[in-house]
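FYI, it's all coordinate maths here, none of it is from the lab. The structure displayed is predicted, hence computed values, not measured ones. Ideal geometry is used to build each Cβ from the backbone, glycine not excepted, and the neighbour counts take in all protein chains shown.
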Amino acid sequence: MRQNIRTRDTSSEKAVKDIRRANRKQYSAEEKIRIVLDGLRGEETIAELCRQEGIAQSLYYSTLASAQPAMAFSSIKARFAWAGVVFMLKNLYMTNLLRFTQTQPAT
């Protein structure tokens, strides 16, 4: 009977896969954000950017897709924060206006 060749090579294939996994670069969140922002800046094409960074375009687009909800949330937070600042400034203005009108003698 013939022996199955695939069963003999599984240990060597497993070793190669383990080595490739160990050598794979792990990008931090800051690096991912930097790469996505560089792509959004549009100074160079996505293909050129990915080539320079040594990543696949699919990795760039999947990172972009996962970052978009966070970017939308941060812009919503910024809008609410700005609305809070405007509200505080209006209150401060009205308070100072009331103080000013109360301290001025009536003419």
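Quick notes
- Loop-located GluC sites (Glu not before Pro) in the stretch 36-69 whose Cβ has at most 11 other Cβ within 10 Å (DSSP): GLU43
- Two-site FRET efficiency, TYR61 against SER28, from Cβ-Cβ distance with R₀ of 22 Å, rounded to 0.05: 0.70
- Cβ crowding within 10 Å ranks VAL16, VAL36 as VAL16, VAL36, fewest other Cβ atoms first.
- Chain lengthening between ALA15 and THR95 when straightened (0.36 nm per residue, less Cα-Cα): 21.5 nm
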